[in-house]
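The values are calculated or read from the model by the stated rules, or taken from the named source; none is laboratory data. Please read these numbers as outputs of a predicted model, since none were measured by experiment. Every residue, glycine among them, receives a Cβ derived from its backbone with ideal geometry; neighbour counts consider all protein chains shown. Quick note on the areas: whole protein, heavy atoms, side chains included, nothing else; ligands and nucleic acids left out. Shrake-Rupley method; radii C 1.70, N 1.55, O 1.52, S 1.80 Å.
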Amino acid sequence: MTLTEQKNEIRKKMKQLRAELTCDRIAEIDDGIFDRLNQIPEISDLISRGSTVMSYMSFRNEFPTHTLNKKIIDSGCRLVLPLTDAEMKIRTYYVHSFDELKKSKMGILEPDP
């Protein structure tokens, strides 16, 4: 099996495992991400200094980031989220509140420039 085939198999397996997660388990994971990251001294230091953090808004069964992103904002850090524009270029935007996000046609919360 080639490396590409191995990667595709791993991706397929991970997607299947994520699809099998219950809503309660996803919420539990989502709720604990920030706290676990904040236990790492280097990251805790960055958070305490109000650094800029780039993230993304999870969609469907992706690794959950909604609570993480809210906690990033609440901690005083600057949250940056990507947005793919009409020309298929990725732009980044500072987000100060979830009120600045809108649902895309695909249902993904994204910056509303």
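On the stretch given as the range 77-106, residues that are within 19 Å of Asp30 (Cα to Cα) and among the small types (Gly, Ala, Ser) total 1. Looking for something hydroxyl-bearing (Ser, Thr, Tyr) and either in contact with a strand residue (DSSP E or B) (Cβ under 6 Å, 6 or more places away or on another chain) or surrounded by 12 or more Cβ atoms within 10 Å (Cβ to Cβ) (or both) - is there at least one such residue anywhere in the range 21-34? No, the range 21-34 contains no residue that is hydroxyl-bearing (Ser, Thr, Tyr) and either in contact with a strand residue (DSSP E or B) (Cβ under 6 Å, 6 or more places away or on another chain) or surrounded by 12 or more Cβ atoms within 10 Å (Cβ to Cβ) (or both). Residue pairs whose Cβ atoms lie under 8 Å apart, sitting 6 or more positions apart in sequence or on different chains, and linking a residue in the range 13-27 that is of a type in the set (A, V, I, L, M) to a partner that is surrounded by 10 or more Cβ atoms within 10 Å (Cβ to Cβ) and part of a helix (DSSP H, G or I), are Leu21/Ile29. Asp85 meets the conditions (1) open to solvent by less than 90 Å² (accessible area, probe 1.4 Å); (2) at pLDDT 90 or above; (3) among the acidic types (Asp, Glu) in every case but one. The failed one is (2). Looking only at residues in the range 95-113 that are free of Cβ contacts under 8 Å to residues at least 24 places away in the same chain and open to solvent by 100 Å² or more (accessible area, probe 1.4 Å), the one that is farthest from Ser51 (Cα to Cα) is Lys105.
If we scan the range 10-19, do we find a residue that is open to solvent by less than 80 Å² (accessible area, probe 1.4 Å) and closer than 27 Å to Asp112 by Cβ? No, the range 10-19 has no match at all. Determine, yes or no, whether Ile10 is touching a helix residue (DSSP H, G or I) at 6+ places or on another chain (Cβ under 9 Å) and either assigned to a helix (DSSP H, G or I) or on the phi < 0 side of the Ramachandran plot (or both). It is false that Ile10 is touching a helix residue (DSSP H, G or I) at 6+ places or on another chain (Cβ under 9 Å) and either assigned to a helix (DSSP H, G or I) or on the phi < 0 side of the Ramachandran plot (or both).
Here the range 44-78 is the region considered, the condition is being basic (Lys, Arg) and open to solvent by 60 Å² or more (accessible area, probe 1.4 Å), and the residue that is farthest from Ile108 (Cα to Cα) is Arg49.
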